[in-house]
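K.L.:
This structure is in structure tokens; I'll ask about it shortly.
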Amino acid sequence: MVKLGNLLVATFGVLLVLNGCLARQSLGVPPQLQNECNLDNLDVLQATETIKSEAGQIEYWDHNHPQLRCAGVSVARYVIEQGGLYLPTFFTSPKISYVVQGKGISGRVVPGCAETFMDSQPMQEQQQEQRQGQQGRQPWGGQGQQGQQGQQQQQGFRDMHQKVEHVRQGDICAITPGSAHWIYNTGEQPLVIIALLDIANYQNQLDRNPRVFHLAGNNQQGGFGGPQQQQEQKNMWSGFDAQVIAQALKIDVQLAQELQNQQDNRGNIVRVKGPFQVVRPPLRQPYESEERRRPRGPQDNGLEETICSMRSHENIDDPARADVYKPNLGRMTTVNSYTLPILQFIRLSATRGSIQGNAMVLPKYNMNANEILYCTGGQGRIQVVNDNGQNVLDQQVQKGQLVVIPQGFAYVVQSHGNNFEWISFKTNENAMISTLAGRTSLLRGLPLAVISNGFQVSPEEARRIKFNTLETTLTRSAGRQQQPFIEEIVEA
């Protein structure tokens, strides 16, 4: 019996190990993708496909490129012309975007949430018109029964919809999987948005191909995947029988056929004819609410924000909220799940960087995330080193170009000429970095004896290596060399 019991215990243990391995394999990287990050060379990436619509265009990066496959992401750039409306769509993957240029309004429809924006103005206007009509009504005149019923229906009708928010240059916008969203350009210049889909996110239960679902419009040239999806994409109503749509929405069949947009060739960005009337709050200055300015403290119970009311936007272009700032060098601002709680649900974050001429971001690496860096202005030089100590990237990066920096790969950013500006998306809601030089770097945490013996340098040289750089993030990449450590301490 003892031997039988031991055998059962051993068998149970083996099953647990196998189950753990299978679970890890299913939740982790699939076997066919396990070697995709063995990259001996990185490239600066350009958009490879452009899909034009009536009032704008969408530019795609090839998500099958080895670098994007390694990061598990897909990237697109939206250009919405003045008066253009990006029709409602949703994705199976989390989406994070940055407004590069322009302003507008956007709405998202979260399943199960109530319509909290209600329009009462049409009723008031109708009542005013009714009073004016009564004053000027002739004694013998009157309205038919149908006209009276129609007027009563108009008086009782009020549009209701879910939350609408203003967006402007510098906004980070987060969209959860399955939540439909739309965008309208209210400005006088094109609204430009760079967006990232985290197709390797655990919430995407399909394969590593970006999938977009259209609620309106038709895309004649393909989908979010760019050149890999050349077939026409129709909206979701097109696949249903018109009779079924009519029964579900309680409308006539002819109107149901209009929803299918069979003859609509405008694309996913259409031009709005006439005024675009939606219920929206007035734009406040300085573009933030009291709730946003109010710090979270011990009085909060954590239930103030639900997924329905949670903010999905955060502006990170304001220098006043920079996390790192150094005059004449630049600034860096991070948004994560602490500053924008919705990022906790989609497990993504972002960093905005702007450095001036001859400035440099000290060498660093991402501890727990891949980074996708998009240049929004200027020109800079980026060097990346892989796990073998090989320089896999050393190129100039310009506006509109993309660089993928895998987890753990060390890199340095330098500005050339004028300012170099970028936005980085990271595949972790609280991405962490570790610097290789500076006051809080790895070298500062090592004993001098380790540095001296590890690099075969004298104790004095080890001291200079460890202490000469006093900055934490930004420094100058050219100019006069710093004074020795002892003199700097005396000057301080």
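The values are calculated or read from the model by the stated rules, or taken from the named source; none is laboratory data. These numbers were taken from a predicted model, which means no experiment stands behind them. Note that each Cβ is placed from the backbone with ideal geometry, even for glycine, and that neighbours are counted across all protein chains shown.
K.L.:
Residues of region 393-448 being among the aliphatic types (A, V, I, L, M) and in a strand (DSSP E or B), which ones?
P.N.:
Kept after step one, since they are among the aliphatic types (A, V, I, L, M), are these residues of region 393-448: 393, 397, 402-405, 410, 412-413, 423, 431-433, 436-437, 442-443, 446, 448.
The answer is 393, 397, 402, 403, 404, 405, 410, 412, 413, 423, 433.
Listed here are the residues, each with its yes/no results for (1) of a type in the set (Val, Ile, Thr); (2) part of a strand (DSSP E or B).
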{"position": "333", "(1), (2)": "yes, yes"}
{"position": "337", "(1), (2)": "no, no"}
{"position": "345", "(1), (2)": "no, no"}
{"position": "353", "(1), (2)": "no, yes"}
{"position": "362", "(1), (2)": "no, yes"}
{"position": "377", "(1), (2)": "no, yes"}
{"position": "388", "(1), (2)": "no, no"}
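K.L.:
Here is a further query. Against the definition (under 18 Å from residue 355 (Cβ atoms) and free of Cβ contacts under 8 Å to residues at least 40 places away in the same chain), how does residue 383 come out, yes or no?
P.N.:
Here the answer is yes, as residue 383 does meet what is asked.
K.L.:
Here are some conditions: (1) more than 21 Å from residue 402 (Cβ to Cβ); (2) modelled with pLDDT of 95 or more. Residue 310 meets all but one. Which one does it not meet?
P.N.:
(2)
K.L.:
Of everything in region 308-359 that's surrounded by fewer than 19 Cβ atoms within 10 Å (Cβ to Cβ) and of a type in the set (Ser, Thr, Tyr), which residue is nearest to residue 414 (Cα to Cα)?
P.N.:
325
K.L.:
Check whether at least one residue in region 397-416 is at pLDDT 95 or above, buried (at least 18 other Cβ atoms within 10 Å of the Cβ), β-branched (Val, Ile, Thr) and in contact with a Cys (Cβ under 6 Å, 6 or more places away or on another chain), and report yes or no.
P.N.:
yes
K.L.:
Here's something else I'd like to know. Does region 328-346 hold any residues that are on the phi > 0 side of the Ramachandran plot and in contact with a strand residue (DSSP E or B) (Cβ under 7 Å, 6 or more places away or on another chain), and which are they?
P.N.:
Across region 328-346, the qualifying residue is only 330.
K.L.:
May I pose another question? Within region 68-103, take every residue that is charged (D, E, K, R) and outside any loop (DSSP other than H, G, I, E, B) and give me the one that is nearest to residue 46 (Cα to Cα).
P.N.:
77
K.L.:
What pairs come out if I take residues in region 266-288 that are modelled with pLDDT under 65 and pair them with residues that are assigned to a loop (DSSP other than H, G, I, E, B) whose C-beta lies under 6 Å away, six or more apart or interchain?
P.N.:
279/119
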